[in-house]
Amino acid sequence: MTELNTNKKVSLNSLLARGHPVILNAFASWCAPCNKEAPELQKLSKQYQGIITFVGVDTMDTVSGVKKFVRKHNLTSPCCWTTLSLLRPVFRNPHEAAS
């Protein structure tokens, strides 16, 4: 995944290595429920800063679309953009047979 503000590659392992629980929030700028939950997630991110790592992940937008969403909601937690295929191993259905 690429972090939007720093343009650095981020992995789930690097996030977990910080020693805090990680909440990955998959979102899209055009998603109504995503827009509705963004302010609450931002509030929780500030409240639990240093205790829980919140990371937004968008796979369904252009980079400019993600940046617009981040600005619209004043998100301060890291937000990443990636392709869905890169997240498939992270969000694997536990009921699927391992390949």
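For the stretch 42-56, the tally of residues that are part of a helix (DSSP H, G or I) and either farther than 12 Å from Phe69 by Cβ or among the acidic types (Asp, Glu) (or both) stands at 5. For the stretch 57-96, a residue qualifies if it is modelled with pLDDT of 65 or more, farther than 13 Å from Thr2 by Cα and part of a loop (DSSP other than H, G, I, E, B), and the qualifying residues are Met60, Asp61, His73, Asn74, Leu75, Thr76, Ser77.
Table: residues versus (1) touching a Pro at 6+ places or on another chain (Cβ under 6 Å); (2) of a type in the set (A, V, I, L, M, F, W, C).
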position	(1), (2)
Asn5	no, no
Ala32	no, yes
Gln47	no, no
Ile52	yes, yes
Val57	no, yes
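All of (1) modelled with pLDDT under 85; (2) in contact with a Lys or Arg (Cβ under 8 Å, 6 or more places away or on another chain) hold for Ser99 with one exception: (2). Quick one: in the stretch 4-25, which of the residues that are surrounded by 15 or more Cβ atoms within 10 Å (Cβ to Cβ) and touching a residue at least 60 places away in the same chain (Cβ under 8 Å) is farthest from Val66 (Cα to Cα)? Here the residue is Leu12.
The values are calculated or read from the model by the stated rules, or taken from the named source; none is laboratory data. Every value quoted in this text rests on a predicted model; they were computed, and no experiment measured them. Every residue, glycine as well, gets a Cβ built from its backbone with ideal geometry; the counts of neighbours run over all protein chains shown.
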